[in-house]
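Nothing in this text is a laboratory measurement; each read-out follows from the coordinates by a stated rule. No experiment lies behind these values; they were computed from the predicted model shown. Cβ: placed from backbone, ideal geometry, glycine included. Neighbour counts: every protein chain shown.
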Amino acid sequence: RERETHPIQSFTMLSVEYLSYNGILFPQADYSRETLNQVENEFQLLDDDIINVTYPKSGTIWMAEILALILKKGDPTWTQSSAVWDRSPWIETNNGLQRALKYPPPRLMNTHVPFQFFPKTFLQTKAKVIYVMRNPKDVLVSFYCFSLIFKTLKTPGSLQEFLETFLSGNVIYGSWFDHVKGWLEMKGRPNFFYITYEELQQDLRGSVEKICQFLGKELSSQQMDAVVEHASFQKMKENKMSNFSVLPDDIIDKKGKFMRKGISGDWKNHLTVAQNEYFDRVYQEKMRGMDITFPWD
Ligand code: A3P
């Protein structure tokens, strides 16, 4: 194993295998082609389903917490007593799919799958999708740090190596660019809502209001305050049902933190000028022609 020199890499890692499903990589642990195929082609979405969709490291757990708190009108009992993967299963994992199949409606679910692997039944239902995006440079750094501590993921190598892997889309769940472009094709559908990590950060309360409107949930001002309070970085960092601390040491290295920094723009502390310029060149080329402006543009 290579020794790393980047300052944010200070852990030794196990290496693990990935499987490929229609050209996209997934960790082998808790994933299978059968489950991915079942999710894509057979899984029945229901009109009252709510699905939180993200590319990894874009604020999945944050949105899962916000949605669970909205459903409970700001009461944190559920988010503090049920692990995030139980209260909102990842449908593409073996365990998550089984849980989703037994989940009494209305269901709250998560997924990272690119649009082409999302349940085909979506197009015939009123199931609501909330798609969260984040500055891909921050996604890169967060993904890198997560790969250093999460033991079902491959050792990322140096940040330079991971930057290349990330930009080429040779990471689990595939290319960030393809993910965003694929999902944003749903823009304009009444059951599709998108928001960015940066907007959540700039105005959490305003964002919660918009999400409530999309979901058709009416919360009082006090209930809204409670959602905002319990979805704060600090509160979530302390919530063992959301901060991954209940996972065993053979899955996550406790020297690292899932709830790492929770800020926008941390990439500036990690990318060199040359890496940033390279990223920008790839970004511009891949995102050419997109009729949308993101907070990070
Ligand atoms: P960092 O690694 O940059 O700190 P995901 O849930 O998709 O895996 O995303 C994880 C990222 O979301 C981590 O980013 C984590 O700290 C951040 N995050 C989680 N909850 C948050 C919150 N309440 N406020 C801000 N960031 C949050």
Exercise for the section: Report the antiparallel proportion of the DSSP beta bridges in the chain as a percent, rounded to a multiple of 5. Expected result: 25 percent
Problem - Computed FRET value (nearest 0.05) for L46 with S220, which takes r as the C-beta separation and R₀ as 41 Å - result: 0.90
Exercise for the section: Work out the length of the dipole vector of region 183-256 about its Cα centre, built from +1 on the beta-carbon of each Lys and Arg and -1 on the beta-carbon of each Asp and Glu, and round it to the nearest 20 debye. Expected result: 80 debye
Problem - Order of S207, S81 - criterion: other Cβ atoms within 10 Å of each residue's Cβ, fewest first - result: S81, S207
Practice task
Would you mind checking the tilt of helix 221-230 against the longest principal axis of the Cα atoms of the chain, expressed as 0 to 90 degrees and rounded to 10?
Solution key: 30 degrees
Problem - Nonlocal amide H pairs with N110, under 5 Å, H built at 1.01 Å - result: N52, W90, I91
Exercise for the section: Return the FRET efficiency for the residue pair R281, L123: r is the Cβ-Cβ distance, R0 is 35 Å, and the value is rounded to the nearest 0.05. Expected result: 0.50
Exercise for the section: Enter the angle in degrees (range 0 to 90, nearest 10) between the Cα long axis of helix 273-287 and the first principal axis of the Cα atoms of the chain, meaning the one along which they spread out most. Expected result: 50 degrees
Problem - Rounded tilt (10° steps) of 60-71 against the dominant C-alpha axis of the chain - result: 10 degrees
Fill in the blank from the handout: Residues whose modelled amide H sits under 5 Å from the amide H of S264, counting only those 5 or more places away in sequence or on another chain, are none
Exercise for the section: Subtract the Cα-Cα distance of R205 and S32 from 0.36 nm times their separation in residues, and report this length gain in nm to one decimal. Expected result: 58.4 nm
Handout entry: region 22-71 versus region 149-223: alpha-carbon centroid distance in Å
Key = 12 Å
Problem - Residue exposure sequence - R33, R288, R87 - by fewest surrounding Cβ within 10 Å - result: R288, R33, R87
